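The structure appears below as structure tokens.
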Amino acid sequence: MKKTRRILTLGLICGLGVYAQSSTPRWEVYGDYSYMQYNPTTTGLQSRAFNGGGGGVQVNFGNFLGLKGDFQGYGSTQWTTTVGTKIVTPAGTIPAGTYKSNANMFTYMFGPVVGFHIKKLNVYGEVLFGGSNSNGYADLTNSIIAGGGTIKGSGTQHPFTMAFGGGVDLNLTKNIALRLGELDWVLTRYTNPITDTNNQNNFRYQGGVAFKFGAQ
């Protein structure tokens, strides 16, 4: 019985020691580089690399739960789509040919973050919901129309967007942390003019610097 009490006491002391090392701030503000591997779900069009960056803010409630707002902007290289034979879609006709377009994207998402702040590291997971906008499919539509297509034109889209993932921060000082990496699966729901599908499964990496301040 005494041995059991000693073990429980030792475990409690260790637990309190870890808790005492907790350095959860009230606020976290970060800036980052962001890379997205975007899957356009368009026949003949490979996934594309979006490079960009942004930042966000997170408010923490206690040692484990926070609420984040994340804002990122991206640009891409030129897209080239080759259509071998004429395609007839509900939106119109796409002649055989090669179509070039460019794209950018902006995402804005909000949601809960669950993490563990200890002396050197912050490990966290997140689920974010919001929206995004891109002129990629509008630019592709305009290219198709210029090539003789009769497809219905569309402007910049603003679909539902969500992200699920997590990351690790390395605390350099009490108030500054290096965001070693955040990895997210990102769902976007853009409707493209060729296949009329509207779900894209994308990969996102973010890395940067976080500034932490305010006591709990």
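Read-outs: derived from the displayed coordinates by stated rules, not from any lab. All values derive from a computational prediction rather than experimental measurement. All Cβ positions, even for glycine, are placed from backbone atoms using ideal geometry, and neighbour counts span all protein chains on display.
Eigenvalues of the alpha-carbon gyration tensor of region 73-145, scaled by 5 and square-rooted, set the equivalent ellipsoid semi-axes at 41, 13, 11 angstrom, largest first.
For the peptides 60-73, 27-40, residues were scored by their other Cβ atoms within 10 Å and the scores averaged per peptide; the highest-first order is 27-40, 60-73. Using equal-weight Cα scatterers in the Debye expression, the normalised intensity of region 124-193 in log10 at q = 0.22 Å⁻¹ is -0.91.
Residue separation of VAL127 and ASN198 scaled by 0.36 nm, minus their Cα-Cα distance, works out to 23.5 nm of gained length. If R0 is 35 Å, the Cβ-Cβ spacing of GLN37 and VAL88 corresponds to a FRET efficiency of close to 0.70.
One decimal place: the segment TRP27-ALA215 gains 66.8 nm when fully extended, by the rule 0.36 nm per residue minus the C-alpha distance.
For the listed peptides 138-146, 89-97, a ranking on the average number of other beta carbons within 10 Å per residue, highest first, reads 138-146, 89-97.
On full extension, the segment bounded by TYR205 and ASN51 gains 54.4 nm, given 0.36 nm per residue less the C-alpha separation. Taking 7 Å steps out from each Cα toward its Cβ at LEU178 and PHE116 produces label points 2.2 nm apart.
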